[in-house]
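Below: one structure in structure tokens.
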Amino acid sequence: MGSTAATSPGSLLIANARIATMLGGSPYGLVENGAVLVADGNIAWVGPMREAPGAHRQIDAEGRLLTPGLIDCHTHLVYAGDRAHEFELRLKGVSYSDIAKAGGGILSTVRATRAASESDLLSSSMPRLDRLLAEGVTTVEIKSGYGLDVETELKMLRVARTLGRQRPVDIRTTFLGAHAFPPEFKENRSAYVRLVCQEALPSAVKEGLVDAVDAFCETIAFSLDETAEIFKAALAHNIPVKLHAEQLSNMGGAKLAARYGAISCDHLEYLDDSGVAALTAASTVAVLLPGAFYYLREKQLPPVAELRRQGVPIALATDLNPGSSPVHSLLTIMNMGCVLFGLTAEESVRAVTVNAARALRLEDRGDIAPGRKADLVLWDLEAPGHLAYALGFNPHHRTFKAGRELSQ
Ligand code: DI6
Ligand code: FE
């Protein structure tokens, strides 16, 4: 299979790598002393070094670990301002919910984001994205949800897309108009849900800015009925849905999301067994967000054993946002997934590759196989499980994005 790919101009052989393909029955789908042939931005061949085809150019990995590019499948990284003062309040014992009820929390970021120009929003968000890329992230999901009016929701999504054009990363954008009720609609919730469904979402879809639709289903946010309205509007535009569900209480959001064929349900600390069964039946990915659990000092652990037992794919993400998870490191999240939530090291690697791709319905990435996009990362590590081991240490060596080698 390699002959045409191997001779295609610009074909590249990454030689002498320990490859975590994430495929097959063996741990991490490891190929020892392996090679990957890249051509036209895709993986053309993967196998043992001794069988490697020739290529236009060759890079010697010198025995380093090669993994799929990491995928951060849940972030809110486009926002203005910060919430450091709320962090201090919480350290003094004020709860996240109380801050939200007093008009702070998400709404404080909404005020700052509405006030920011598109170019300010872009320049304040770029360094956050760059922190992720420095750790081998090659695909990032970014949500709106700090605008809560048509204009600012669209501004956020445009900025997210612009980030993807200015950096070597694929950005998937999720419309989260149903993140909170803006102050001007506090007394008229149904009018806000109508605005989201009939104006904001259709405008964003018309501009081609929406890959998925999300909502925050919670006692302090959107009810089950309101969430269902949002989902109906999304599906009417043929856009898949996901949900912030069961983060602070068990509302049954995951079951609702599963009924609408959600591609992922996220947070899930309060998910019960019947909720897990609903996710299983709908093939919905469970996205766990230990950053928010850590920052909010939550006690309720997500039901990892039951998710595992029922075969629900588990992903991990930073949830990078200024309030509940100012975490700019997916490697840290992998460690937290293991230490706080009890994932195995292999589950944590799967959670930011194969399963994170599924959470975004991206079928062309997440593992290392012929035909996949050549998003690949070399690490100064011996074994893939070591990615979850250290905190505050970045073993990243170099990234290949769609086959293109990025400068280090
Ligand atoms: N849950 C979260 O953890 C983030 N959004 C959500 O619905 C928090 C967003 C924020 O506090 O700004
Ligand atoms: Fe979130």
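How much accessible area per residue does the chain have, in Å², with a 1.4 Å probe?
That works out to 38 Å² for each residue.
Then there is this: Got a number for carbon plus sulfur as a percent of segment 18-133's accessible area, 1.4 Å probe?
Ligands and nucleic acids excluded, carbon and sulfur reach 51 percent.
If you don't mind, another one. Net charge around GLU32, counting only other residues with Cβ within less than 12 Å of its Cβ (Lys, Arg = +1; Asp, Glu = -1)?
Computed value for this residue: +1.
Need one number: nm distance between label points at SER203 and GLU151, each 7 Å from Cα along Cα→Cβ, rounded to one decimal.
Each label point is offset 7 Å from its Cα along the Cβ direction, giving 0.9 nm.
R0 = 22 Å: FRET efficiency of SER123 with ARG404, Cβ-based, nearest 0.05?
Given R0 = 22 Å and the Cβ-Cβ separation, E is 0.35.
Please find the FRET efficiency linking GLU346 to ARG309, where r is the Cβ-Cβ separation and R0 is fixed at 22 Å, and quote it to the nearest 0.05.
0.85
When N is the residue count of segment 134-198, what does its C-alpha Rg come to as a fraction of 2.2 N^0.38 Å?
1.32
Next question, about the same structure. Of LYS373/LYS401; LYS232/LYS255; LYS101/LYS255, which ones are farther than 18 Å apart at the Cα?
In this structure, LYS101/LYS255 lie more than 18 Å apart at Cα.
Here's something else I'd like to know. Taking all protein chains as present, what is the carbon and sulfur share of the accessible area of segment 147-218, in % to the nearest whole number, probe 1.4 Å?
45 percent
I've got another one for you. Quick one: which residues, 5 or more positions from LEU65 or on another chain, have an amide H under 5 Å from its amide H? H modelled 1.01 Å from N in the peptide plane, none for Pro or chain starts.
Amide H neighbours of LEU65, under 5 Å, 5+ apart: ARG18, TRP379, LEU381.
Give me the percent of accessible area attributable to carbon and sulfur for segment 258-337, probe 1.4 angstrom.
Answer for segment 258-337: carbon and sulfur cover 50 percent of the accessible area.
GLU187 versus GLN166, label points 7 Å from Cα toward the beta carbon: distance in nm?
With each label placed 7 Å out from Cα toward Cβ, I get 4.1 nm.
So, one more: Where the Cα atoms of the chain are projected onto their three principal axes, how long is each span, largest first, in whole Å?
So the three principal-axis extents are 69, 42, 41 Å.
Remind me, what semi-axes does segment 246-399 give for its equivalent ellipsoid, largest first in whole Å, using sqrt of 5 times each Cα gyration tensor eigenvalue?
Three semi-axes, in Å: 25, 19, 13.
Net charge within 12 Å of GLU306 by Cβ-Cβ distance, Lys/Arg positive one each and Asp/Glu negative one each, not counting GLU306 itself?
In short, 0.
Scale the Cα Rg of segment 31-92 by the rule-of-thumb value 2.2 N^0.38 Å and send over the ratio, two decimals.
Normalised by 2.2 N^0.38 Å, the Cα Rg of segment 31-92 equals 2.03.
From the P(r) of segment 133-273, could you give the percentage of C-alpha pairs in the tail past 22 Å?
37 percent
Put a dot 7 Å past each Cα toward the Cβ at ARG50 and ALA102; how far apart are the dots in nm?
That separation, rounded to one decimal, is 6.9 nm.
Turning to a different aspect of this structure: Would you calculate a helix-derived [θ] at 222 nm for the chain, using -39,500 (n - 2.57) for each DSSP H run of n ≥ 4 and dividing by the full residue count, to the nearest 500?
Calculated at 222 nm, the ellipticity per residue is -9500 deg cm²/dmol.
Two decimals is fine: what is log10 I(q)/I(0) at q = 0.19 Å⁻¹ for segment 18-128, from a Debye sum with one equal scatterer on every Cα and no solvent?
-0.97
The values are calculated or read from the model by the stated rules, or taken from the named source; none is laboratory data. It should be emphasised that the depicted structure is a prediction, and the values quoted were computed from it without experimental measurement. Backbone-built Cβ (ideal geometry, glycine too); neighbour counts: all protein chains shown. Surface accessibility is based on the protein's heavy atoms, side chains included, excluding ligands, DNA and RNA. Shrake-Rupley method; radii C 1.70, N 1.55, O 1.52, S 1.80 Å.
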